[in-house]
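For reference, the structure is listed below as structure tokens.
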Amino acid sequence: MNMEFPQFFLTVIYMAIIYLHLARKTNGVAIAYGIQSFAVVLLLVNAFVTTGSATFLFIAILGLLVKVILAPIFIIHLIRKHELKFLVSTYANIPITLIIVTVLTAVAHSKTFAPLVTIIPANRELLSLALSALFISLFLIINRKGAVSQIVGILSLENSIVAFGLFSVIDQSLILEIGIVFSISVWIVIATVFISMIYKHFGTLDVTQMKNLKE
């Protein structure tokens, strides 16, 4: 695989996740996720150009339709429907969040995960960065209090897993990838209904306000 462009695209994915940790305006979150997903699509296109496998191209097209176009539209729809001008706060403040992100990145580059990131020795740095993106995506899900931002965290985690799979040269099964994209599509529909019900019942999407559920 040509490493000239993947390094840049993976950096975009990583920086987009950091922005998702810091963002306060919900429209910015939708745009950041769209940019991140587009970077993943370009990674798949690069893999197609390098290997000549039509599977990568087909997966890239599916990803473009579902993750770059439909998912951001879904997020923006929720924002407008519930008039969400800002994201709710995080459990950790910005300085602590940045410290944790730095620690997680350092852990991903440490000797602890050396056996994992040296699956393909030539891709070690890329795999370490992809693993860092995966870790901080998990932290995004945990750290955010808003249901919408947690959803974006889950979608971001999936993008990180795809990137790691590409650089570790894990076989990208067409059926598996179609199944993942289909699951995301169905999940988007279900999440739209579910979040609407949460907002109607609680008047907020801040999960900290949902501790005492009423029948």
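Here's a check for you: in the range 149-181, which residue that is assigned to a helix (DSSP H, G or I) and modelled with pLDDT under 70 is surrounded by the fewest Cβ atoms within 10 Å (Cβ to Cβ)? Ranking the qualifying residues of the range 149-181, first place goes to Ile175.
Would you mind finding the one in Thr112, Thr90, Thr105, Thr50 that is modelled with pLDDT of 85 or more and either under 22 Å from Gln36 (Cβ atoms) or surrounded by 13 or more Cβ atoms within 10 Å (Cβ to Cβ) (or both)? Matching residue, one of Thr112, Thr90, Thr105, Thr50: Thr105. Scanning the range 9-30 for residues that are over 16 Å from Leu127 (Cβ atoms), in a helix (DSSP H, G or I) and either among the charged types (D, E, K, R) or more than 13 Å from the chain's Cα centre (by Cα) (or both) yields Leu22, Thr26, Asn27, Gly28. The residue pairs whose first member lies in the range 122-151 and is of a type in the set (D, E, K, R), whose second member is open to solvent by less than 10 Å² (accessible area, probe 1.4 Å), and whose beta carbons are closer than 8 Å, counting only pairs six or more residues apart or on different chains, are Arg124/Val117; Arg144/Gly153.
The values are calculated or read from the model by the stated rules, or taken from the named source; none is laboratory data. This one's a predicted model, so the numbers in the text were calculated from it and none came from an experiment. Reconstructed Cβ throughout: ideal geometry from the backbone, glycine too, with neighbour counts over all protein chains shown. Calculation scope for accessible area: heavy atoms of the full protein, side chains included, ligands and nucleic acids excluded. Shrake-Rupley method; radii C 1.70, N 1.55, O 1.52, S 1.80 Å.
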